[in-house]
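Undergrad: Would you mind keeping the following structure in view while I ask a few things?
The values are calculated or read from the model by the stated rules, or taken from the named source; none is laboratory data. Values in this document were obtained by computation on a predicted structure and should not be read as measured data. We place every Cβ from the backbone using ideal geometry, glycine too, and count neighbours over all the protein chains shown. To get the accessible areas, we keep the full protein, side chains included, count just its heavy atoms, and leave off ligands, DNA and RNA. Shrake-Rupley method; radii C 1.70, N 1.55, O 1.52, S 1.80 Å.
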Amino acid sequence: MRTVSRKARAELPGRFGVYGGRYVPETLIPALEELETAFHEARRDPAFTAELQRRLRTFCGRPTPLYLAGRLTEALGGARIYLKREDLLHTGAHKINNTVGQVLLAVRMGKRRIIAETGAGQHGVATAAAAAACGLPCEVYMGVDDMERQALNVFRMRLLGARVIGVEGGSRTLKDAINEALRDWVTNVRDTFYVFGTVAGPHPYPEIVRAFQAIIGEEARRQIVDVEGRLPDCCVACVGGGSNALGLFYAFRDDPAVALVGVEAAGRGLATGEHAASLTAGSPGVLHGAYSYVLQDAAGQVLPTHSISAGLDYPGVGPEHAYMKDTGRARYVAVTDEEALDALHLLCRTEGILPALESAHALAHLNTLAPALGRDKLVVVGLSGRGDKDVHTVAKAAGEDLGDRR
Amino acid sequence: MSRPRAAAGTRRSAARPAAARASAAALRDNRLVRALAAARMGGRRVLVPYIMAGDLDAAATERLVELLVAAGADAIELGVPFSDPIADGPVNQRAGFRALARGMTLGRALALVARIREHTGVPLVFMTYYNLLLRHGLAAFCRDAVAAGLDGVITADLPPEEGDALVAEGRAAGLATIFLLAPTSTDARIRSVAGASSGFIYCVSRTGVTGVRDEVPPELAELVGRIRAATETPVCVGFGISRPSQAREVARYADGVIVGSALVGMLEEDPEDLGRVGAFVRDLKAAVSGR
């Protein structure tokens, strides 16, 4: 069989080893090519970069601090733990880094309408905020089950002027919201910009989102060298689609002494099948325009997923993570809902910080990692978002009814 | 919008002419290729109805194919359902989810083709999504498909840049690989799709997903003209063609007309009323034939 050689593929733009690519309906190909060209032109334009930097500083609140979690370090009895505080950003998570960049790109390209998908609602809120700040109308697709779980974020998007469109099809969660956003884009491709939320999707999205999120690791690298005089031994971040993890990892990719660990959602346990651990328990396939690890059945149908964290509840993952897994540059583990909840409570009590349930997955892995590394080691954890949005979920898990839930 | 192709679009175009030459031999006996060549030779336009394999159930799909053939279908497109059909509108999505709920898979769709093949020679084409083919294995799929009696495959989310392996396997096995063109396609993309396509080129009538629409876009004739100027491969038009009047208009400039959602919607409304389905397809056939 004359397949395309793996080596040749690795050198192609839009490929990470065999992963990535552009598996979308023909109608979108010219739009993706246009986006790719516009993105590369914008990156070379000092005016664009200056405007992005200005907005990141004055609108989003960058740079974010690198915080020494002294009491958590003490509680776990091992490596010194630093938190990269993306939770302090405007709208409450790292998502705004990317949406501000993409919406500025949309303005530059003369697009008149913004669409986005959202799972937990964080990317939707961040897109709505960026679109409002640039004066563009915004429509956000969201699975109706997620709208129920994340009613607060639905209302936040509406306050920010976005129209939230409920998606009834399929499993009514993030993957179906992406399907519907892609259908909208196929239909209104000429004047619409699709602000994609993670490092997945067809080329060039994995590259664009990584570029806008790489600032997390760039800052963290400078900050840890400033305070400790050396690089960390390990970086840890949660992985759903993988944007916050890749954003943190990317600046350390050529530092072989820095271990990179992605933490996926094991949900109710990998053995139950109710999880969202695409890299840990999935296999290569094509979903949403890219070849990467996918949770799928023997016939190639994409499986339903579960995670207590809506932001990790996705059966795919960015193709560059698939590549980093296969090459061994990063390793990927999974923690359960329960472990994530415990980690959330621990951070609240030891540090006075309420993390998002997504970020709590990364924290949960520290229970084993920090003691194993030992006291002379340094760990940087991506604290991707704050947990205000998750208070109802956490209360429910603890058997408490806050009374005002729909 | 219409800028030169970026790097991704030009990747392996150099390899294509040789592959295209090699194709001719294995595909010569393909029913779809023969039927469309004969139609063009005779100045006839073809009608290609689409139904979802396993909507209702496999036995019903088998009976429906017979009915479509009797009503004048020149080839039949069978949808193979996928969990995440990004190119489909609500009608075909619902049909796909019904078929999935009844357990339809790529393997069962191939078994269905083998049963249909026992009593008809009509060209049969799958329309599906790439992950199902990948999972089956591209070489195994092409081999199994031809053994079952399938003639071609349309992969809604596979542009030609990503299609080299499928094209090569299809050509080796004698399975036509049908790629799509859209109103946004540049002339460079038309050449690239033409190079990878066998059987026919699927011209999408408008930007959007499958579904019923009221009008034929005015710029469609120009698009089909551009495609036909660039290639000898027949051009069939689909997406949104739902009435005999539209089919008649499109048949003036295209080799064939594909009708999907209108038919699938009719079956959704009343799966029992096969008389209505048959009459609709006969009207479409008459329209396509200029009658």
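Undergrad: Which of the residues spanning segment B:191-223 are touching a strand residue (DSSP E or B) at 6+ places or on another chain (Cβ under 6 Å) and β-branched (Val, Ile, Thr)?
TA: Answer for segment B:191-223, where residues must be touching a strand residue (DSSP E or B) at 6+ places or on another chain (Cβ under 6 Å) and β-branched (Val, Ile, Thr): B:193, B:201, B:204.
Undergrad: If residue A:42 satisfies every condition in (1) more than 9 Å from chain B (Cβ to nearest Cβ); (2) open to solvent by 10 Å² or more (accessible area, probe 1.4 Å) but one, which is the exception?
TA: (2)
Undergrad: Restricting attention to segment A:284-293, which residues are within 18 Å of residue B:80 (Cβ to Cβ) and surrounded by fewer than 24 Cβ atoms within 10 Å (Cβ to Cβ)?
TA: The answer is A:285, and nothing else.
Undergrad: Can you tell me which of A:232, A:256 is open to solvent by 10 Å² or more (accessible area, probe 1.4 Å) and not in a helix (DSSP H, G or I)?
TA: A:256
Undergrad: Could you check, for segment A:121-130, whether at least one of its residues is free of Cβ contacts under 8 Å to residues at least 60 places away in the same chain, farther than 24 Å from residue A:276 by Cβ, aliphatic (A, V, I, L, M) and buried (at least 19 other Cβ atoms within 10 Å of the Cβ)?
TA: Looking through segment A:121-130, at least one residue is free of Cβ contacts under 8 Å to residues at least 60 places away in the same chain, farther than 24 Å from residue A:276 by Cβ, aliphatic (A, V, I, L, M) and buried (at least 19 other Cβ atoms within 10 Å of the Cβ).
Undergrad: Next question, about the same structure. Could you check, for segment A:148-160, whether at least one of its residues is under 22 Å from residue A:105 (Cα atoms) and in contact (Cβ under 8 Å) with a residue 40 or more places away in the chain?
TA: No; the residues of segment A:148-160 include none that is under 22 Å from residue A:105 (Cα atoms) and in contact (Cβ under 8 Å) with a residue 40 or more places away in the chain.
Undergrad: Look through segment A:273-308, keep the residues that are part of a strand (DSSP E or B) and of a type in the set (A, V, I, L, M), and return whichever of them is farthest from residue A:200 (Cα to Cα).
TA: Among residues in segment A:273-308 that are part of a strand (DSSP E or B) and of a type in the set (A, V, I, L, M), the one farthest from residue A:200 (Cα to Cα) is A:302.
Undergrad: If you don't mind, there's one more thing I want to ask. Given the options A:276, A:330, A:290, name the one that is within 14 Å of another protein chain (Cβ to nearest Cβ) and in contact with a strand residue (DSSP E or B) (Cβ under 9 Å, 6 or more places away or on another chain).
TA: From the options A:276, A:330, A:290, the qualifying one is A:290.
Undergrad: If the requirement is being away from chain B (no Cβ under 14 Å), crowded, with 16+ Cβ neighbours inside 10 Å and within 21 Å of residue A:197 (Cα to Cα), which of these qualifies: A:263, A:302?
TA: A:263
Undergrad: Turning to a different aspect of this structure: Counting just the residues of segment A:266-281 that are in contact with a Phe, Trp or Tyr (Cβ under 7 Å, 6 or more places away or on another chain) and in contact (Cβ under 8 Å) with a residue 40 or more places away in the chain, which one comes out most open to solvent (accessible area, probe 1.4 Å)?
TA: By that ranking, first place goes to A:280.
Undergrad: While we're looking at this one, here's another question. How many residues are part of a loop (DSSP other than H, G, I, E, B) and open to solvent by less than 30 Å² (accessible area, probe 1.4 Å) when one looks only at segment B:249-276?
TA: Adding up the residues that qualify gives 3.
Undergrad: Report yes if residue B:133 is within 14 Å of chain A (Cβ to nearest Cβ), assigned to a helix (DSSP H, G or I), of a type outside the set (Phe, Trp, Tyr) and under 18 Å from the mean Cα position of the chain (by Cα), otherwise no.
TA: Taking the combined requirement at face value, the residue satisfies it.
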